[in-house]
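Single-structure report; data block below.
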Amino acid sequence: MNNHMIKRNALFALFNTAMLIIFFSPLKELLLSSSHNELYSHIILVPFISGYLLYMRRRELGLHAAYSYVPGALVMLTGIVLSVVGRNVRPGLSQNDYLSIMTSAAVVFLLGGFLVCYGVRAFKNALFPLLFLFFVVPVPAVIMDRLIYSLQSWSAEVSYGFFKLAGIPIVREGFVFHLSGITVEVARECSGIRSTLVLFLLGIISSALFLETWRAKAVLLLLLFPLAIFKNSLRIVTLSLLGSYADKAWVETSPLHRKGGFVFFLAAMAVFGIILWLLSRWEASQNKRAVIPEQ
C-alpha cells in the first residue's frame, strides 16, 4: 500500500469518527433497539459485511482513487440536512421512523466522506458495498406493515392451495383455517418477516459474490419472495396437519411452533442453494458458448 492510499484511508477513518460523533445518539438508540428487536438483529452485521466487501475491492479502489471534494461535500451536506430534518420532526414520529431518518442521514454522510477521499470512479467501483450499508436503516413502519401483510396474505393463499391440492377438508375465513378438530389463524407472527429479511440479505450478498450477469442476479432476487412464501406455507401446513391429525399441542405449545422457524428456514436455504447453483451453472454454460473457437 503506497503512502497516498495510507493518507486516504486515514482521512476516511477521520470521516468515520466524525460520523460516529455527530450521530452518536441515534446510532446508540439503533444499537440498543436491534439488541431486543428480532426484526433488526441483522443490523450489527451489516457494517462488517460492507467493510469486508470493500476490502475485497481494495486494489481496484487504489487504481482509481482521487480526491473529489465538491461532490463529496455536497453529499455530506445532504446527510447533515437530513439529520436536522429528522431531529425537527422527531416529536411526531415513532422511534422506528426517527431512527430510519437519522440512520439514513449517517450513511449518506459516510458516503460523502468516501467520495471526498477516493473519488467518483472509486465510488462507482465500490457502489455495491457502499449501498449495502443502507441495510442498517430500519424499514419505515408503513412499509414494514405492508410487507408483513403481503407475506401474511400470500402465505395464507398458498397454504390454502396446498390444503386443497392434498384433498384436506378445510373451511377458510380470511386468515383463519378450520380443520378437523382445530382452528388455525395465519397471524402477523406467521408472516416470517424476520427470516424473509435474512433471506433477502443473503440473496443480495450471494448475487454479488457468486453471480456475474445482471440476468442471473435478477432471477435470484425475484425468486426470493416466492421462496419466502413457500417456506411460510410449508410451516403453516405442517403444523396444521400435525395439530389436526396428531395432537393439538403441535400448534399450541410445541417447540416446532414456538422455536421451529429455523427448521423451515434451513429448508428454504437448501432450495436457495440449489437455485444459486443452477444459476451459476447457467452462467458458466453461457460463457462457454460465448468463446469463439480458434480457426
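No value in this document is a laboratory result; all are computed from the given coordinates. Model, not experiment: these values are computed from the prediction. Here Cβ is always computed from backbone atoms with ideal geometry, including for glycine, and neighbour counts include all displayed protein chains.
What is the stretch 143-290 by shape, rounded, prolate or oblate, if you read a ≥ b ≥ c off the alpha carbon gyration tensor as root eigenvalues and call it rounded for a/c under 1.5, prolate for a/b larger than b/c, and oblate otherwise? Prolate is the answer for the stretch 143-290, as a/c is 1.5 or above and a/b outweighs b/c. Think of each Lys and Arg Cβ as +1 and each Asp and Glu Cβ as -1; about the Cα centre, that makes the dipole of the stretch 84-196 roughly 440 debye.
Placing R0 at 45 angstrom, the Cβ-Cβ distance between Gln286 and Ser180 gives a FRET efficiency of 0.35 after rounding to 0.05.
In summary, no lysines lie within cross-link reach of Lys164, defined as a Cα separation below 16 angstrom excluding same-chain residues under 8 places away. Available extension along the chain between Ala218 and Asn88 is 42.9 nm, counting 0.36 nm per residue and deducting the alpha carbon span. For the chain, the membrane-span-like helices by this rule, meaning whole DSSP H stretches whose C-alpha atoms cover at least 24 Å of axis and whose Kyte-Doolittle mean is -0.5 or above, are 3-22, 69-89, 95-125, 141-165, 193-210, 224-245, 261-290; this says nothing about an actual membrane. For Lys124, the lysines whose Cα comes closer than 22 Å to its Cα, not counting residues fewer than 8 places off in the same chain, are Lys7, Lys217. Taken about its Cα centre, the chain carries a charge dipole of about 720 debye when Lys and Arg each add +1 at the Cβ and Asp and Glu each add -1 at the Cβ.
Using 0.36 nm per residue and subtracting the Cα-Cα separation, the extra length available between Ile80 and Val142 on full extension is 19.9 nm. Dividing the mean sequence gap of close Cα pairs (under 8 Å, 6+ apart) by how many residues the chain holds gives a relative contact order of 16 percent. Please give, to one decimal in nm, the separation of the simple spin-label points placed at Leu31 and Tyr52, each 7 Å out from Cα toward the Cβ. Simple spin-label model gives 2.1 nm for this pair.
Note on Asp97, Asp247: ascending count of other Cβ atoms within 10 Å places them as Asp247, Asp97, the fewest first. Of the residues Leu266, Leu221, Leu201, the one that moves most in a GNM of the chain with alpha-carbon contacts below 10 Å is Leu266.
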